[in-house]
Each structure stands twice: as C-alpha cells, then as structure tokens.
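The values are calculated or read from the model by the stated rules, or taken from the named source; none is laboratory data. Computed from a predicted model, the values in this text were never measured in an experiment. Heads up, the Cβs are rebuilt from the backbone with ideal geometry, glycines too, and the neighbour counts pull from every protein chain shown.
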Amino acid sequence: MLYDYTCSKCGVIWEEQHPMDDRDINVGKPTPKEYCKDSKKCEGLVERSMTAPGLSFEGSVGTIKRAGSEWNDVLKGIKKASGKDNTIEHY
Ligand SMILES: [Zn+2]
C-alpha cells in the first residue's frame, strides 16, 4: 500500500510504500532530512497524512440497485434535469 506522510514542522508531504501493518512504522520518528523543505532547521516528526489513495466510486450503481427502484427513478430525474454533462449513474 502507498501511504502519504507529512512532516509536523514544515508540512512537506511524501509517499512511502508499506504493508498495511507497518503503515505507522515511521510515525513519530524524525522526518528524513531529504524530505524537509529546510533540512537544517526542521526537526519535525513524521505524521501519517489522512488522504485516502485509491478511493473510488466503483460499485455505486450496485449500491443504487440495492437501495431500490424509487431511488433510481429519483436519480434519473436529476440526471435529466441537469443535462448530459453530469456523472450521475443509474441503471
Ligand atoms: Zn520538516
């Protein structure tokens, strides 16, 4: 998994590849100097950035199907009203 980390002092953000169980392995340790904006003055600590890489809306149509046809009709209505350039999914 690719995780985002940030320096508590200078706020620089970088990515590191870690297994999920080791994602906090460097949290609370001094930020590697090569990442910091001012490597001489910065004595920040590593924090895990709360972004969610890989978040997607795949499967949303399936969710709509489970919610029932009434909801689907509502979505169809919204899609019709908002024109062809929207990204609303329905079945
Ligand atoms: Zn820093």
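Test each condition in (1) within 15 Å of the ligand (Cβ to nearest atom); (2) in a loop (DSSP other than H, G, I, E, B) for Asp24 and report the one that comes out false. Here Asp24 meets the rest and fails (1). Restricting region 32-56 to residues that are more than 12 Å from the ligand (Cβ to nearest atom) and surrounded by 10 or more Cβ atoms within 10 Å (Cβ to Cβ) leaves a set whose member that is modelled with the highest pLDDT is Arg48.
All of (1) modelled with pLDDT of 95 or more; (2) surrounded by 13 or more Cβ atoms within 10 Å (Cβ to Cβ) hold for Lys29 with one exception: (2). Any idea how many residues of region 1-21 are among the polar types (S, T, N, Q), within 15 Å of the ligand (Cβ to nearest atom) and not in a loop (DSSP other than H, G, I, E, B)? Of the residues in region 1-21, 1 are among the polar types (S, T, N, Q), within 15 Å of the ligand (Cβ to nearest atom) and not in a loop (DSSP other than H, G, I, E, B).
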